[in-house]
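J.: For reference, the structure I am asking about is given below.
No lab work stands behind these numbers, since they all come straight from the coordinates. Here the structure is a predicted model, which is why all the values come from computation and not from measurement. With ideal geometry, Cβ positions are generated from the backbone for all residues, glycine too; neighbour counts draw on all protein chains shown.
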Amino acid sequence: MDMNKSENVEYKHNFYKEIIPDTERRKISERFEVLAQREDNWDGYDSKKPTALTLKSAQHLFEDFFDSIISTGSLWLTPFISSDEDGNVTIEWSRENRRLHIQIGEDEVEYIQVWGINIDTEMNVDFLTRDDYLELWEWLLDGK
């Protein structure tokens, strides 16, 4: 199959905009299904399972975050998704010396930016709003 340059660009655009998001959504959906199967004490340390409300909130937030990033044509990094001892859903991305960690509970969502080990000078914690998505993603990818 011989494609001209215009057709090749269109093919790559469609692949990135349609195939990759569908594949990623399927992987993430499977991860949320695993979290939904957890019971209390899932790790042997009395950790709570995520509630249905927490899972629903986390899935909605993730889809919104994902769509916001994909719509810009930015590079996508598959996150690590789990839950913590309090039953919050955690989503984390790592790139070079930076980590972006989002913690979703029933009532609030926080993010943590980490670029070193000093909690006072190399970490930032705040509540997450939709307006933060692209700025945090740019920070993760470019360190800006």
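J.: Hey, in the GNM for the chain with a 10 angstrom Cα cutoff, which one of Trp115, Trp42, Trp93 fluctuates hardest?
T.: Looking only at Trp115, Trp42, Trp93, the biggest GNM fluctuation is shown by Trp42.
J.: Give the calculated FRET efficiency between Asn118 and Glu96 to the nearest 0.05, with a Förster radius of 25 Å applied to their Cβ-Cβ distance.
T.: FRET efficiency, Asn118 to Glu96: 0.90.
J.: On to the next question. At a Förster radius of 25 Å, what calculated FRET efficiency corresponds to the Cβ-Cβ distance of Ala52 and Thr78, to the nearest 0.05?
T.: With R0 = 25 Å, the Cβ-Cβ based efficiency is 0.55.
J.: Give me the mean projected area, in nm² to one decimal, of the convex hull enclosing the Cα positions of the chain.
T.: Answer in nm², one decimal: 10.9.
J.: How high is the relative contact order of the chain, in percent, with contacts defined as C-alpha pairs under 8 Å that are six or more residues apart?
T.: Value for the chain: 16 percent.
J.: Counting helices only, and only those DSSP H runs with n ≥ 4, report the 222 nm mean residue ellipticity of the chain as the sum of -39,500 (n - 2.57) divided by its residues, in deg cm²/dmol to the nearest 500.
T.: -13000 deg cm²/dmol
J.: What residues qualify as long-range amide H neighbours of Gly87, i.e. H under 5 Å apart, gap of 5 or more or another chain, H built at 1.01 Å from N?
T.: Counting only residues 5 or more places away or on other chains, the set is Lys48.
J.: Starting from the Cα gyration tensor of the range 47-129, take the square roots of the eigenvalues, sort them a ≥ b ≥ c, and report rounded, prolate or oblate (rounded when a/c is under 1.5, otherwise prolate if a/b is larger than b/c, else oblate).
T.: Taking the square roots of the gyration eigenvalues as a ≥ b ≥ c, the range 47-129 is oblate.
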